[in-house]
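A.B. asks: Quick one: structure below, then a few questions.
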Amino acid sequence: TAWRLRPSRQAPPDSGPGPGVKVWRYRGLGRVRGLERLADFRQGLIDRFGPLPPPAENLMAEAELRILAERWQLQRIHVEGEYAVLTYRNPKRIQALADLKPDRVRVADGKTAYVPLDLDEKKPHGSAVPAVVRPLLRAGL
């Protein structure tokens, strides 16, 4: 599974209210650029529609991952075997992350770094990646 770090234009099926509201809210989510704004956006959805269903929670997790990836200047995150692979644009930023978490981040070359996924955390389609990578990317914020 790879995460596009640019939001798509469609909400997933079964993610809440009717189609018009879903598209409007999902586009709004794509414009959120900060973690505080994301928290406000999430709370606004909860205030309006109640507890978020799992697909909407997944969207929130992916949006947080996108925001964090932008801060670290990551271009792509995908799974290769037992690793989350971070494709980066700025060698200084990835080295700073590796210095903060030397036991978790291994810089492989001029554009990729690897983060081991714990075997017991691996789930189908890379769903363990946000749980492992988000806390890592929160380091140093």
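The values are calculated or read from the model by the stated rules, or taken from the named source; none is laboratory data. As the structure is a computational prediction, the values presented were derived from the model and not from experiment. Cβ placement follows ideal geometry from the backbone for every residue including glycine, while neighbour counts extend to all protein chains displayed. Ligands, DNA and RNA are excluded from the accessible area calculation, which covers all protein heavy atoms including side chains. Shrake-Rupley method; radii C 1.70, N 1.55, O 1.52, S 1.80 Å.
A.B. asks: Below 13 angstrom from the Cβ of Leu35, what's the summed charge of the other residues (Lys, Arg +1; Asp, Glu -1)?
C.D. replies: +3
A.B. asks: Further question on the same structure: Leaving ligands, DNA and RNA out of it, rank Leu141, Leu52 by accessible area with a 1.4 Å probe, largest first. Please report the intermediate quantities before stating the final value.
C.D. replies: Numbers: Leu141 100, Leu52 30 Å².
Ranked from most to least accessible, the order is Leu141, Leu52.
A.B. asks: Counting only the heavy atoms of the protein chains, how much of Asp109 is accessible to a 1.4 Å probe, in Å² to the nearest 10?
C.D. replies: The accessible area comes out at roughly 80 Å².
A.B. asks: While we're looking at this one, here's another question. To the nearest 10 square angstrom, what accessible area does Lys111 show with a 1.4 Å probe?
C.D. replies: Taking all protein chains as shown, Lys111 has close to 130 Å².
A.B. asks: Rounded to two decimals, what is Rg over Rh for region 26-141 when you use alpha-carbon atoms and the Kirkwood radius?
C.D. replies: Using Cα coordinates only, the ratio equals 0.99.
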